[in-house]
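Worksheet for the structure shown next.
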Amino acid sequence: MYDVFSLPPIRFPDGFLWGSATAGHQIEGDNVHAQAWRNEQQTDFFKDDPKHLIRAPSGKACDHYRLYREDVELIAALGHQAYRFSIEWSRIEPEEGQWNLEAVAHYVDLLVRLTAKGIRAFVTLHHFTHPLWFDRLGGFSKADNRRFFERYLAFLLPKISAYVSGWNVINEFNQWGGLTMGPEIASLKFNMLRVHGLGYHLIKLHSTAPVSSAHAFVHWFPRRFHDTLDRRMTELADFITNEFFFHALRTGELVYPGVDAEFDPDVKGALDFWSVNYYTRHMIDARRADLDGPRLHHKKLQMIPMRFYLDEMYPEGLIANLERLGDLPVTITENGCCCDDDRFRIVYLALHLSALREAIDRGVDVRGYFYWSLMDNYEWISFIPRFGLVAVDFQTFQRTPKPSASLYREIIRENGFSGETVRRYLDVLPTLSPKP
Ligand code: FCB
């Protein structure tokens, strides 16, 4: 385990923005018009987990749609200066072309309350979910469907823009299609860049706040460091999930293996800051069909009682990744740890913030940090992974801040911390479980 108690005092630049992040479907509850809700009702959803031990539908999630006023109070009490959340398209436009004004009023009220508390709102316009009707029409896999997103944004943006301090058009748009290749995947990836470009230029008509799309910045790593094939495949994985996007956004050139390159002027320069979601590294094992290999066992932490992702702390990856993004300001829009034992979260937070400081020292213009997540929530298939600074009782929906939330509040207040700060929140380091 890293020696977090010996960390030297760290301060962040003046004006550094501290916050937390969530996403609509993961916290709101009863998101019944979303494609994700429909998927969770299918028997297929439970096929790997017939006893429903891990998988569960989102149901009421954190009941945040009802409890949002209290949650704004909570965010303020925890000292957060900014809050990133997503607006559910499927609530605003539950049926094609039908606008739900109650839902619009809800999000405007959320924004007004955040603003009144001095909390800067970062809005994500698409965080993995969209209306079922849009999905049935083929969603973003059909280029022509961009017009639906365009119409939605043209309706929504004038109503909310005055309250928004930062924008994400799409969450993790570089994840779509994963590590696979071929013309269909390439056209999906091209389309996601164009959806982003479309959103960027539409937002510019209404808002002066900076615009980006959150990039899932995975640090790919060869499983066998001196193995040529593992290394080559690692470079390829990095190209198709990271560099392809950076290059396209910098130059407008869409260059993907195996298909003709294209140029799109609407993609070129279509971002004001790099929005980075960083969690851990992934091993590339070229000898496996799905490429993604097991992680290093000696650093594997049993943070939750199941095999899941984010089971390795690799803060160094944050430094290496951010050094590639020196040409624009950077905001960390997600970074966090899922664990039942909150002490891991404290260690994770301290180590990643110290890595972030190192990236700043190396010249990266990092402007803000959003911890994922404000509260325990629905992690897409399951309630088991706990990422929250705040615990949620999924029966009563009561919120209880964890010690990590108090540490984070102190870090925000001081705009920094030291090993001594960490020691006040952590009597003893959590232990690593034996090799599984
Ligand atoms: C990210 C997602 C976010 C959450 C975290 C753990 O990839 O953007 O919704 O699921 O992972």
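The values are calculated or read from the model by the stated rules, or taken from the named source; none is laboratory data. Here the structure is a predicted model, which is why all the values come from computation and not from measurement. In this analysis, Cβ positions are derived from the backbone assuming ideal geometry, glycine residues included, and neighbour counts consider all displayed protein chains.
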Being over 28 Å from PRO183 (Cα atoms) and out of contact with any helix residue (DSSP H, G or I) (no Cβ under 6 Å at 6 or more places or on another chain), is that true of even one residue in segment 124-136? yes
Scan segment 98-156 for residues that are of a type in the set (Lys, Arg) and touching a strand residue (DSSP E or B) at 6+ places or on another chain (Cβ under 6 Å) and jot them down. ARG120
Just checking, does segment 344-360 include any residue being under 25 Å from ARG55 (Cβ atoms), modelled with pLDDT under 95 and part of a helix (DSSP H, G or I)? yes
Within segment 22-42, how many residues are polar (S, T, N, Q) and not in a loop (DSSP other than H, G, I, E, B)? 4
On the basis of being out of contact with any Pro (no Cβ under 9 Å at 6 or more places or on another chain), within 16 Å of the ligand (Cβ to nearest atom) and in contact (Cβ under 8 Å) with a residue 24 or more places away in the chain, does GLY317 make the cut? yes
Hits in segment 404-436 - residues which are among the hydroxyl-bearing types (Ser, Thr, Tyr) and either in contact with an Asp or Glu (Cβ under 8 Å, 6 or more places away or on another chain) or modelled with pLDDT of 95 or more (or both): SER404, SER406, TYR408, SER418, THR421, TYR425
Considering only segment 155-225, give the strands (runs of 3 or more DSSP E) lying wholly within it that have at least 2 residues that are within 22 Å of the chain's Cα centre (by Cα) and away from the ligand (no atom under 15 Å from the Cβ). 164-171, 219-222
Expected single match for within 20 Å of ILE160 (Cα to Cα), touching a residue at least 24 places away in the same chain (Cβ under 8 Å) and either crowded, with 22+ Cβ neighbours inside 10 Å or over 23 Å from the mean Cα position of the chain (by Cα) (or both) among ILE27, ILE92 is ILE92
If you check every pair at least six apart or on different chains, which have Cβ atoms under 6 Å apart with a residue in segment 363-382 that is part of a strand (DSSP E or B) first and a residue that is acidic (Asp, Glu) and within 11 Å of the ligand (Cβ to nearest atom) second? TRP372/GLU334
Selected residue [closer than 29 Å to GLU410 by Cα, outside any helix (DSSP H, G or I), in contact with a strand residue (DSSP E or B) (Cβ under 6 Å, 6 or more places away or on another chain) and not polar (S, T, N, Q)] from GLY19, GLY79, GLY15: GLY19
Checked pairs for segment 235-249, first without any contact (Cβ under 8 Å) to a residue 60 or more places away in the chain, second buried (at least 21 other Cβ atoms within 10 Å of the Cβ) and part of a helix (DSSP H, G or I), C-beta under 6 Å and 6 or more apart or across chains, list as ALA248/LEU193
Restricting segment 236-276 to residues that are of a type in the set (Gly, Ala, Ser) and either under 25 Å from the mean Cα position of the chain (by Cα) or in a strand (DSSP E or B) (or both), the residue that is farthest from THR333 (Cα to Cα): GLY252
In segment 320-343, what residues are under 18 Å from the mean Cα position of the chain (by Cα) and not in a loop (DSSP other than H, G, I, E, B)? ASN321, LEU322, VAL330, THR331, ILE332, THR333, GLU334
How many of the residues in segment 335-371 are hydroxyl-bearing (Ser, Thr, Tyr), crowded, with 24+ Cβ neighbours inside 10 Å and more than 12 Å from the ligand (Cβ to nearest atom)? 2
When only residues in segment 372-387 that are away from the ligand (no atom under 11 Å from the Cβ) and of a type outside the set (D, E, K, R) count, which is surrounded by the most Cβ atoms within 10 Å (Cβ to Cβ)? LEU374
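Quick grid of which residues meet (1) surrounded by 19 or more Cβ atoms within 10 Å (Cβ to Cβ); (2) free of Cβ contacts under 8 Å to residues at least 40 places away in the same chain:
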position	(1), (2)
LEU111	yes, no
ASP144	no, yes
PRO158	no, no
VAL164	yes, no
ASN174	yes, no
ASN191	yes, no
VAL195	yes, no
GLY199	yes, no
ILE203	yes, no
